[in-house]
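The values are calculated or read from the model by the stated rules, or taken from the named source; none is laboratory data. Because the structure is a prediction, the values reported are computed rather than measured. Don't worry about glycine lacking a Cβ; one is built from the backbone with ideal geometry, like all the others, and counts go over all protein chains shown.
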Amino acid sequence: MSEKPAGAEMPEESVGSQVSPVSEVSPETQVSQVSQVSPVSHMSSMSAMWQSSPPGSIYDYIRVASFVLGSDGRITQWSERAQELLGLTARQAIGRDPVDAFVPAELRDTGHRKVADILDGREWTGLVPYRNPEAPHGHGVAEIYVMPAQDEDGERSALCIAVDVSALRGLETDLAASQAVFGQSPLGFFLFGTDLRMLRVNERFAKVFGRPAEAYRGATAHDLLPRGEAERLGAALRQVLDTGKSLTDMPIVGSVPGSPDRRRWSVSLYRLHSSSGRPIGVAGLATDVTRRRRAEQEAAGVRRNLALLNEAGARIGTSLDLETTARELLDVAVPQFCDLASVDLYQALLSGDETPPGLADGSAELRRVAFASAVSDGPVAFGDICRAADDGPPKPIQVGEVHRYPFHSLCAGVLRTAQVKVVPGRDSGESPELGAMLQSTLVVPMVARDTVVGLAQFSRTKGSEPFGERDRALAVELAARAAVSIDNARLYRREHERALILQRSLLPPGDPEAAGLDIACRYLPGNAATEVGGDWFDVIELPGHRTALVVGDVMGRGLRAAVAMGELRTAVRTLALLDLEPAEVLSALDEIAQGLGAPSGSHTSSRSGSRTRTGAQDSSDLSEVYLATCVYAVYDPVTRRCTFANAGHLPPVLVEPGEDALLMEVPPGMPLGVGGEPFEEIEVELPDGALLALYTDGLVESRDHALDEGLQDFRAALSSHDGTRVPDSSLEDICDHVLSGLDTHHGEDDIALLMARVQGLPPGSVGDWNLPSAPQSVGRARELAREQLESWNMDDLVDTTELLVSELVTNALRYGEGEIRLRLLLDRTLVCEVWDGGLVQPRRRRARDTDEGGRGLQLVGLLSAAWGSRRTPHGKTVWFELALPDGRSSGPDSVEALLSLW
């Protein structure tokens, strides 16, 4: 049998065909394997053997045809492939002599001899010309393999297999060309199968990745690249295989065996198909672009640095706020320059001390004023650079935290020497911290006017390029620009904070709380940067869950007005604690204001009208500073009644549910400091949900419009808010709506706004009883108190309340007059009040060891949070207050309190 043409056998991986199990294993092996398996697995294996091979096998390429010769040398069977190859249909071929059918006439004698030899039982393989009208010369050449056979009658026959030689030669040429392209390509060429395992790589690829070509057969992306890059490449391979869309210039980063250097490759992927269009794998080209990438990075680095410097000039130092300036530095640096950064400034310099101890040697306290990161949500430890060799593991420094760098640490050294340091990252030792992932860190001193004001740290994580010399110079420039701006901000802050300390000490606290009232307040200085003003407001808690609301305005501006405001505000609080009526409070304030305005020692004469003896200029100055207006209101949440008194101030505004805002008709009175006129008060019942607004004239008065117009705009703003009635809106929203809707940015005067929504105590929170002036009332009072507290689920307060109620009722029987009234109020605290008709106020005294009594009020003071007494129109009220149990503390022990009296 002659040799088969070269290229008739092709490697499986060259064409990507899938070979069935039958063609891969010899029949003997198959029988051996099948005999050793169970019936179920045997049936499964037989099913796999007899499955159809997918289109695109090698037989589709070489187009094998077959036919059968009978004992007489004529054709008895003719395949469809023979019809396609030789151009004869089965009807034309069956029964004919094959030599006469498709062999040229000049070769028929030789053909007949060969057929005779075949029928004698010889195998034969050879090349046979045949007529082929589609061929260039009208005939082709077929390689025919003839195998002797027998028919059903035992007669000689032959099975013939024919292959067109031109198809074999074409396939051989294609393989040679493919091998040349694959093997001689200057680019790294690789082929993945449908299971995403490598089938073949060329020598260039093997050289680039540093392993023999044979080592890559069966490898996956994870065998070549780090995990993250391998997952990217695997996902790309799967996408190309599934969609058929090519992928070009995909960047891949990794390293080759034996070299620690990072390499960069550009990878292009495309899907391979069989002749029938079936996907058989993914091919790719890989090019090493490390040098090109480095050159591009160098050029990009120069452009980036120039852009960063331009951005730094535009963005750093736009504010005189110190923290804002530090954040502006980090906003420029992260992530354009580094992955995370922080700024530490000397705490003493921030406080205004020019020469703090430890500044020269770098051991002074610093404060972390800013931190930014593109790789983490919170601060991280910066590895060894922030600690000495004998310190424990580093810990993150929070923004705002005050800390020190140990003397022998690298950071302290940078602060001492004012020299920048570059610190490489570490690979081990700090795995729990992000500090172990740092690629490189720049520690840069922040120097302004030859003084180190702080420290900036810039870090890049693994995967980023380490800092180079150009980066070092850029970091120094950025830190220097920020340091100058930070120093300017520090000097400004020092001066500004000194002014703010005074202003804040005179201004009222934030939004307070009160029983039966929701309260919101606003204060806007006319010019907060330079001056403080004389406007103030206050919310004062009074006995019996009552609340005093105060708004006042000292005429004029500046330090003298602010000092006068502070003194009047303190006086109001003192007078309010005496539980005086609103008109009495204003009368006392008027005398105090006159005393503040009069020269030393002339208070008495000023009250008698002798203030006219002061010079005209002095009188003008004093009246400008110490004349003040004030409105004082006391609200009782039990009765829901509010008592007002006014000293020359604008009237309060009331908004009842479903009604428009109205100016209350409160007697205006004279300003404080004028003297000579009594103050009147008015009592108004306020329904639940009503809104009360107290304010200063800066809110409604401006040189751009008349006062009446401002009051009308204020009432309109309070009547509705975004189409909703004001009582239905949040007080905070109403305050914001009023301030945004009115002209509050004129800066001519301070603005104070106090708003309160009336809620009132619900009836279930009040217990009120009248008791006869009889000894039995003491026991009855204890019984009523116990029952009321048990209904409120205040069992923890029962014993203490019974004891103190007994003391107050006993005192009312001994020293008071008339009927006794007991009232319990439950809100944020528990208040107990005992009323009687006597005018003598109780006085607490220390009993001697030999005294049998006199310790009742001492006991009340020991066991209560607060206690006191106040006058009423028909007698007095003695009260005490208890904190509500919170589950964490049990309050004072009554037994211990009793024992402490002796």
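A single member of P424, P508 is modelled with pLDDT under 85 and surrounded by fewer than 17 Cβ atoms within 10 Å (Cβ to Cβ), and it is P424. Restricting A473, A456, A483 to residues that are closer than 24 Å to S363 by Cβ and either basic (K, R) or not in a strand (DSSP E or B) (or both) narrows the list to A483.
Can you confirm whether G281 is modelled with pLDDT of 80 or more, touching a Gly at 6+ places or on another chain (Cβ under 9 Å) and closer than 30 Å to R227 by Cβ?
yes
Taken over the stretch 291-314, the criterion of being loosely packed, with under 13 Cβ neighbours inside 10 Å and either of a type outside the set (G, A, S) or not in a helix (DSSP H, G or I) (or both) is satisfied by R291, R292, R294, E296, E298, V302, R303, L306, N310. Taking the criterion of being surrounded by fewer than 13 Cβ atoms within 10 Å (Cβ to Cβ), hydroxyl-bearing (S, T, Y) and at pLDDT 90 or above, would at least one residue in the stretch 232-244 satisfy it? Yes; the residues of the stretch 232-244 include at least one that is surrounded by fewer than 13 Cβ atoms within 10 Å (Cβ to Cβ), hydroxyl-bearing (S, T, Y) and at pLDDT 90 or above.
Search the stretch 671-712 for residues being at pLDDT below 90, surrounded by 17 or more Cβ atoms within 10 Å (Cβ to Cβ) and acidic (D, E), and hand back the single one that is nearest to C642 (Cα to Cα). Per the criteria, the residue is D697.
Within the stretch 781-791, the set of residues being crowded, with 16+ Cβ neighbours inside 10 Å and either more than 11 Å from L803 (Cα to Cα) or of a type in the set (S, T, N, Q) (or both) comprises L784, Q788, L789. Of all residues in the stretch 701-719, those satisfying the criterion of being under 24 Å from L731 (Cα atoms) and assigned to a helix (DSSP H, G or I) are E709, G710, L711, Q712, D713, F714, R715, A716, A717, L718, S719.
Of the helices (runs of 4 or more DSSP H) lying entirely inside the stretch 99-218, those containing at least 2 residues that are out of contact with any His (no Cβ under 9 Å at 6 or more places or on another chain) and more than 23 Å from S266 (Cα to Cα) are 108-119, 165-184. Screening the candidates S259, S266, S274 for the property of being touching a residue at least 24 places away in the same chain (Cβ under 8 Å) and surrounded by 16 or more Cβ atoms within 10 Å (Cβ to Cβ) yields one hit, S274. Test G552 against the criterion of being at positive phi and not in a helix (DSSP H, G or I), and give yes or no. It is false that G552 is at positive phi and not in a helix (DSSP H, G or I).
Matching residues to (1) buried (at least 18 other Cβ atoms within 10 Å of the Cβ); (2) of a type outside the set (V, I, T); (3) under 27 Å from P582 (Cα atoms); (4) at pLDDT 85 or above:
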position	(1), (2), (3), (4)
G837	no, yes, yes, yes
R843	no, yes, yes, no
D849	no, yes, no, no
G854	no, yes, no, no
L863	yes, yes, no, yes
W867	yes, yes, yes, yes
K876	yes, yes, yes, yes
W879	yes, yes, yes, yes
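Considering only residues in the stretch 456-486 that are free of Cβ contacts under 8 Å to residues at least 60 places away in the same chain and under 13 Å from I316 (Cβ atoms), the one that is nearest to the chain's Cα centre (by Cα) turns out to be A483. Residues in the stretch 98-125 that are of a type in the set (G, A, S), under 19 Å from A82 (Cα atoms) and modelled with pLDDT of 80 or more: 1 in all. Screening the candidates V414, V443 for the property of being over 20 Å from F337 (Cα atoms) and either aromatic (F, W, Y) or modelled with pLDDT of 90 or more (or both) yields one hit, V414. Does the stretch 132-153 contain any residue that is more than 19 Å from R63 (Cα to Cα), among the aromatic types (F, W, Y) and buried (at least 16 other Cβ atoms within 10 Å of the Cβ)? No, the conditions are met nowhere in the stretch 132-153.
Among the residues examined, G358 qualifies as over 21 Å from Y492 (Cα atoms), assigned by TED's automatic domain parsing to the domain that holds A482, surrounded by fewer than 23 Cβ atoms within 10 Å (Cβ to Cβ) and modelled with pLDDT under 60. What about A781, is it hydrophobic (A, V, I, L, M, F, W, C), at pLDDT 85 or above and in the same structural domain as R828 (by TED's automatic domain parsing)? Yes; evaluated as a whole, the condition is true for this residue.
The numbered conditions (1) touching a Phe, Trp or Tyr at 6+ places or on another chain (Cβ under 6 Å); (2) in the same structural domain as S266 (by TED's automatic domain parsing) are all true for A93 except (2). Within the stretch 642-659, is even one residue aromatic (F, W, Y), farther than 23 Å from G544 by Cα, part of a strand (DSSP E or B) and in the same structural domain as A561 (by TED's automatic domain parsing)? No - not one qualifying residue is present in the stretch 642-659. Please determine whether any residue of the stretch 633-647 is out of contact with any strand residue (DSSP E or B) (no Cβ under 9 Å at 6 or more places or on another chain) and either at pLDDT 90 or above or surrounded by fewer than 18 Cβ atoms within 10 Å (Cβ to Cβ) (or both). Scanning the stretch 633-647, I find no residue that is out of contact with any strand residue (DSSP E or B) (no Cβ under 9 Å at 6 or more places or on another chain) and either at pLDDT 90 or above or surrounded by fewer than 18 Cβ atoms within 10 Å (Cβ to Cβ) (or both), so the answer is no. Taking first residues from the stretch 207-221 that are assigned by TED's automatic domain parsing to the domain that holds F190 and touching a residue at least 12 places away in the same chain (Cβ under 8 Å) and partners that are of a type outside the set (A, V, I, L, M, F, W, C) and loosely packed, with under 13 Cβ neighbours inside 10 Å, the Cβ contacts under 6 Å between residues at least 6 apart in sequence or on separate chains come to G210/P257.
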